[in-house]
1. Can you compute the helix-only [θ] at 222 nm over the chain? Use -39500 (n - 2.57) per DSSP H run of at least 4 residues, normalise by all residues, nearest 500 deg cm²/dmol.
2. May I ask for the Kirkwood hydrodynamic radius of the chain, worked out over all distinct Cα pairs and given in angstroms to one decimal?
3. Just want to confirm a number: the relative contact order over the chain, from Cα pairs under 8 angstrom separated by 6+ residues, in percent.
4. Let me make sure I get this right: for segment 149-189, a, b and c are the square roots of the gyration tensor eigenvalues over alpha carbons, sorted descending. Under 1.5 in a/c it's rounded, otherwise prolate if a/b > b/c, else oblate. Which is it?
5. Taking a ≥ b ≥ c as the square roots of the eigenvalues of the Cα gyration tensor of segment 15-68, is the shape rounded (a/c under 1.5), prolate (a/b larger than b/c) or oblate?
6. Can you bin segment 99-220 into rounded, prolate or oblate? Criterion: square roots of the alpha carbon gyration tensor eigenvalues sorted a ≥ b ≥ c, rounded for a/c under 1.5, prolate for a/b above b/c, oblate for the rest.
């Protein structure tokens with residue numbers, strides 16, 4: 001349930017505060033819970049006060065997404081390292097942001113290219129892939145594969161899914177005569193399903209595959 005905040009002091013309401021509070025509200029109650037009225041109540045202001053800083057609900061959604069993804073690498077960090085290490089850094093940071101703010105998954109799927117942060121991260125990743133020698137088609141497909149994997153992994157481990165204990169219990173109750181492999185692997189499968197390291201494991205598999213097909217560099 002959305003909690004009402006103490007009324008915000010005058011002159012402290014700005015676009016950044018609105019974006020941060022909107023993201024906080026959606027992370028707690030889901031994206032559909034965001035309305036002008038619910039956001040104003042959480043900020044402790046009158047609904048009309050929001051219109052001094054944002055024009056529409058869609059603008060609030062875009063601002064919230066931009067706020068949540070603001071710390072993504074721009075590609076400059078570690079620019080002298082191996083291309084696969086730079087790709088790994090970009091994707092780990094992206095996935096970390098999605099885990100910290102579960103509502104970002106829904107916001108990104110709805111409008112994947114809106115805002116500077118999503119397109120900036122995409123630009124950084126595509127630039128690394130192209131500089132590594134991949135063709136435009138392969139770079140594009142690799143980028144989308146990595147993007148889809150991060151979003152899907154974050155959605156799978158969303159706080160709103162059943163708790164780990166419930167998932168483990170379901171696997172343990174599977175009849176071994178009908179599902180012998182699942183029953184035999186119930187313990188490691190349950191552990192991996194709720195392990196924070198699982199995303200990095202899959203990411204490394206994807207990067208190993210990319211490295212195996214990377215163009216060979218000619219000696220200088």
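1. Working: 12 runs with 140 residues, N = 220.
Computed ellipticity for the chain at 222 nm equals -19500 deg cm²/dmol.
2. The answer is 19.8 Å.
3. Relative contact order, the chain: 18 percent.
4. Working: a/c = 3.29, a/b = 1.94, b/c = 1.69.
Prolate, because a/c is 1.5 or more and a/b exceeds b/c.
5. Oblate is the answer for segment 15-68, as a/c is 1.5 or above yet b/c matches or exceeds a/b.
6. oblate
Every number in this text was worked out from the coordinates using simple rules, so none of it is lab data. Bear in mind that the values here come from a model prediction, so they are computed numbers and not experimental data.
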